[in-house]
1. Calculate, in nm to one decimal, what Asp43 and Ser211 gain on full extension: separation in residues at 0.36 nm each, minus their alpha carbon distance.
2. How would you rank Arg79, Arg56, going from fewest to most other Cβ atoms within 10 Å of each one's own Cβ?
3. What is the magnitude of the charge dipole of the chain about its Cα centre, with +1 placed on the Cβ of each Lys and Arg, -1 on the Cβ of each Asp and Glu, and no other charges, expressed in debye to the nearest 20?
4. For Glu105 and Val20 in the same chain, what is the full-extension length gain: residue separation times 0.36 nm, less their Cα-Cα distance, in nm?
5. Per residue of the chain, what 222 nm ellipticity follows from adding -39500 (n - 2.57) for every DSSP H run with n ≥ 4, rounded to the nearest 500?
6. Pick out, from Leu112, Phe183, Ala45, the residue whose Cα sits farthest towards the positive end of the charge dipole of region 20-226, with +1 on the Cβ of Lys and Arg and -1 on the Cβ of Asp and Glu.
7. What ranking, highest mean first, results for peptides 33-46, 104-117 when packing means the other Cβ atoms within 10 Å averaged over each residue?
8. Once amide H atoms are built 1.01 Å from N in the peptide plane, which residues 5 or more positions from Asp116, or in another chain, come under 5 Å H to H?
Amino acid sequence: MSDPAAPREPDPPDPGDDPVDGVVAPELAAELPGLRLRVTTVDGAAGRTPRALRQRLEDVSNRFRGANAIALRTRPVPRAYRVFFRQVGLDPDVDRTPVEQVAVERLVHGELYTGDRVSDALILAVMETGVPVVAFDDATLAGEVILRAAGPGEQLPAGAYAHDVPRGRLVLADDRGPVAILFGRVSDRHAAERGCSRVRLVAVQVPGVPSAHVDEALWLAAGALAQDGA
């Protein structure tokens, strides 16, 4: 994993639209200054992970040893997400931040590669930058994705929480309602899976995380989804 403590110039944009600001509910933005949503879309195929992406994941995995896992939560970007978890009522020692969850899975399984192209693209992005990215099938979304609190009686269309999104829990939602629990499950109906031809990538920038890291995470994920290769 790249060290977020040492900001760097982002890699040149990979195929995909340039990242733009998404929508954060006004009351949430007022309560948590510095909270932003960044969004990009890419024409890319889901399915099996191509060889080039697998090789990149192997390189990242080989660089990530036990010492890196121990030091992970002390680095500025992962630490910022831990602080944010506590601000929104989540315990990062119980519900791990995305980068810590991927790191634990790397130590348990011995590798980062899963074989699923979308999952592996998101893993590459979070391990290299510390910034989690969410992928949606663009064709299933109605309008813009907004970061907001869930209202009473709201549900995910399918998957975990389908019958109960706790009121006040932060969600990503389109014009019809929630499509993902923030830092949690994506609705099965909206997930970028096989047959998806255009992917919308969303990253949540929390206070203390540089914009360059967020856009780099989106570019990495977009490039991994757009690249050719078997």
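Only the coordinates and a few stated rules stand behind these numbers; no lab work does. Keep in mind that what you see is a predicted model, and the values were worked out from it rather than measured. Reconstructed Cβ throughout: ideal geometry from the backbone, glycine too, with neighbour counts over all protein chains shown.
1. On the way: separation 168, 0.36 × 168 = 60.48 nm, distance 2.34 nm.
Answer, rounded to one decimal: 58.1 nm.
2. Arg79, Arg56
3. 560
4. Details: separation 85, 0.36 × 85 = 30.60 nm, distance 3.09 nm.
Between Glu105 and Val20, full extension yields 27.5 nm more.
5. -10500 deg cm²/dmol
6. The residue sitting farthest along the positive end of the dipole is Leu112.
7. Numbers: 33-46: 18.7, 104-117: 15.4.
By packing density, highest mean first, the sequence is 33-46, 104-117.
8. Under 5 Å from the amide H of Asp116 lie the amide H atoms of Thr49, each far enough along the sequence or on another chain.
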